[in-house]
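Worksheet for the structure shown next.
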Amino acid sequence: MLSIIEENSTLTWKTALKNDGYKIRLIIVAVVFVAILLVFPFFFQHIEQRDGMMLRDFVVEHLKPADVSIPIFICIWGITALVIVRCIKQPQLFLTALYGFTLLTLFRMMTITLVPLNPPNGLVPLVDPISNFFYGKSHFVTKDLFFSGHTSSQFLYFLCLIKRRDKALALISTVIVGSLVLVQHVHYTIDVVAAIPLTYLVYWMAKKLTTSY
């Protein structure tokens, strides 16, 4: 069963749910994911109230701030929708992506806590009603900086997706989103650059956890 789960991207949900290892891992990550959603509002309220450092950033300082919320929103949720569609028929993709996203969120909560930062000068609030709903806040969160969740989520999707065209779209979205959050001055360059290797580490951990049964 292990080799089938790992290698066969056409594995059906019916077959996957007959595997005890798959079901246990699915239940564990679902519980942790729901717990994170419940903690989110309190976590972001805490980080918004604290003071942090401001970084000198040559790239951001030389970019004229602009509101590019719409293209960022389209990229983020367009690729997210693509992943959801692919997960409907690919239970292993669903498990890996969910573990990856959950671990990524926990990792970001840790790094945001350990590296308190104030946002760059000239920040333009990013309009994303879907994300703000999960944050539990009516206004834009400004201090969830290191590392970039927008960039890391797109890169995680790139790593998880299987089809070449899907991966290409996710990679393009990663580059676009990573660039535009700098234009909008909602992140420092280091937030975006660090997101790539840190997300790969998270993906590696997710793969280990979801293919070891």
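The values are calculated or read from the model by the stated rules, or taken from the named source; none is laboratory data. Every value quoted in this text rests on a predicted model; they were computed, and no experiment measured them. Here the Cβ is made from the backbone with ideal geometry for all residues, glycine too, and neighbour counts use every protein chain on show.
Odds and ends about this structure:
- Scanning the range 59-77 for residues that are assigned to a helix (DSSP H, G or I) and in contact with a helix residue (DSSP H, G or I) (Cβ under 7 Å, 6 or more places away or on another chain) returns VAL59, VAL60, PRO71, ILE72, CYS75, ILE76, TRP77.
- On the stretch given as the range 61-119, residues that are of a type in the set (Ser, Thr, Tyr) and more than 20 Å from ILE27 (Cα to Cα) total 4.
Yes/no matrix, rows are residues, columns are (1) among the acidic types (Asp, Glu); (2) at pLDDT 95 or above; (3) more than 18 Å from ALA170 (Cα to Cα); (4) more than 17 Å from the chain's Cα centre (by Cα):
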{"position": "GLU6", "(1), (2), (3), (4)": "yes, no, yes, yes"}
{"position": "LYS14", "(1), (2), (3), (4)": "no, no, yes, yes"}
{"position": "ASP20", "(1), (2), (3), (4)": "yes, no, yes, yes"}
{"position": "ILE28", "(1), (2), (3), (4)": "no, yes, yes, yes"}
{"position": "VAL68", "(1), (2), (3), (4)": "no, yes, yes, yes"}
{"position": "ILE76", "(1), (2), (3), (4)": "no, yes, no, no"}
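- Subset of the range 45-58 [in a helix (DSSP H, G or I) and surrounded by 13 or more Cβ atoms within 10 Å (Cβ to Cβ)]: GLN45, ILE47, GLU48
- Contact annotation: residue pairs with Cβ atoms under 7 Å, 6 or more positions apart or on different chains, pairing a residue in the range 78-94 that is of a type in the set (Lys, Arg) with a partner that is crowded, with 18+ Cβ neighbours inside 10 Å, are ARG86/LEU93; ARG86/LEU161; ARG86/ASP166.
- Residue in the range 155-183 that is nearest to the chain's Cα centre (by Cα), counting only those that are of a type in the set (S, T, N, Q) and crowded, with 22+ Cβ neighbours inside 10 Å: THR174
- Being touching a residue at least 12 places away in the same chain (Cβ under 8 Å) and at positive phi is true of HIS185.
- Output for the range 116-127, where each listed residue is crowded, with 17+ Cβ neighbours inside 10 Å and either assigned to a loop (DSSP other than H, G, I, E, B) or charged (D, E, K, R) (or both): PRO119, PRO120, LEU126
- Summed over the range 143-183, residues that are assigned to a loop (DSSP other than H, G, I, E, B) and touching a helix residue (DSSP H, G or I) at 6+ places or on another chain (Cβ under 7 Å) total 8.
- Conditions (1) in contact (Cβ under 8 Å) with a residue 60 or more places away in the chain; (2) part of a helix (DSSP H, G or I); (3) out of contact with any His (no Cβ under 9 Å at 6 or more places or on another chain): number failed by THR113: (3)
- Scanning the range 133-142 for residues that are more than 15 Å from the chain's Cα centre (by Cα) and in a helix (DSSP H, G or I) gives a single hit, PHE133.
- Residue pairs meeting the criteria (Cβ under 6 Å; at least 6 apart or on separate chains; first touching a residue at least 12 places away in the same chain (Cβ under 8 Å) and within 18 Å of LEU201 (Cα to Cα), in the range 156-167; second in a helix (DSSP H, G or I) and of a type in the set (D, E, K, R)): PHE158/LYS167; LEU161/LYS167
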